[in-house]
1. Of all residues in the range 91-116, count the ones that are surrounded by 12 or more Cβ atoms within 10 Å (Cβ to Cβ), of a type in the set (A, V, I, L, M) and assigned to a loop (DSSP other than H, G, I, E, B).
2. Taking the condition under 16 Å from Gly10 (Cβ atoms), more than 14 Å from the chain's Cα centre (by Cα) and open to solvent by 50 Å² or more (accessible area, probe 1.4 Å), does Thr119 pass?
3. Answer yes if at least one residue in the range 58-65 is open to solvent by less than 60 Å² (accessible area, probe 1.4 Å) and part of a strand (DSSP E or B), and no otherwise.
4. Identify the residue in the range 70-90 that is assigned to a strand (DSSP E or B) and touching a residue at least 60 places away in the same chain (Cβ under 8 Å) and, among all such residues, is most open to solvent (accessible area, probe 1.4 Å).
5. Output the number of the condition that Lys43 fails; it satisfies all remaining conditions of (1) touching a strand residue (DSSP E or B) at 6+ places or on another chain (Cβ under 7 Å); (2) part of a loop (DSSP other than H, G, I, E, B); (3) not aromatic (Phe, Trp, Tyr).
6. Check Gly54, Gly26, Gly15 and return the single one that is over 17 Å from Gln117 (Cβ atoms), open to solvent by 50 Å² or more (accessible area, probe 1.4 Å) and at pLDDT 95 or above.
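The values are calculated or read from the model by the stated rules, or taken from the named source; none is laboratory data. In this text, all values refer to a predicted model and were calculated from it rather than measured experimentally. Reconstructed Cβ throughout: ideal geometry from the backbone, glycine too, with neighbour counts over all protein chains shown. We work out accessible area using only protein heavy atoms, side chains counted, and drop any ligands, DNA or RNA first. Shrake-Rupley method; radii C 1.70, N 1.55, O 1.52, S 1.80 Å.
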Amino acid sequence: QVQLVESGGGLVQAGGSLTLSCAASGRTLSSYAMAWFRQAPGKEREFVAAIRSGGATTADSVKGRFAISRDNAKSTVYLQMNSLKPEDAALYYCAAKWPGIIATSPGAYTYWGQGTQVTVSS
């Protein structure tokens with residue numbers, strides 16, 4: 001079993017930055033793929049970024065502004081968000097899957113955190 005706890009959300013002005021963290025426990029996550037998704041009210045859960053050993057990918061909507069990274073020693077995944085826009089406002093979720101093959105569909109991920117809220121004021 002894997003437990004994921006997100007943190008770092010909050011209120012930020014448009015153009016600002018936030019760094020989200022996802023602390024994992026329960027298993028050694030180096031062989032897992034880790035991802036960030038987001039969900040705004042009334043919308044479907046949307047892929048943001050994912051990372052595995054040897055590679056990462058980000059959604060086109062955030063490419064060049066968001067970056068995902070991981071620290072296996074700390075079992076933590078990060079999402080650095082820069083140049084935030086009002087449309088980035090959502091509940092951001094951390095997710096994990098094994099084997100560590102990146103997927104962009106929420107259904108491919110087994111473990112989920114509770115989410116951290118990001119609000120962007122214009």
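1. Qualifying residue count for the region: 2.
2. Values: under 16 Å from Gly10 (Cβ atoms): yes; more than 14 Å from the chain's Cα centre (by Cα): yes; open to solvent by 50 Å² or more (accessible area, probe 1.4 Å): yes.
For Thr119, the condition - under 16 Å from Gly10 (Cβ atoms), more than 14 Å from the chain's Cα centre (by Cα) and open to solvent by 50 Å² or more (accessible area, probe 1.4 Å) - is met.
3. Among the residues of the range 58-65, at least one is open to solvent by less than 60 Å² (accessible area, probe 1.4 Å) and part of a strand (DSSP E or B), which makes the answer yes.
4. Gln80
5. Here Lys43 clears every test but (1).
6. Details: Gly54 fails: at pLDDT 95 or above; Gly26 fails: at pLDDT 95 or above.
When all the criteria are applied, what remains is Gly15.
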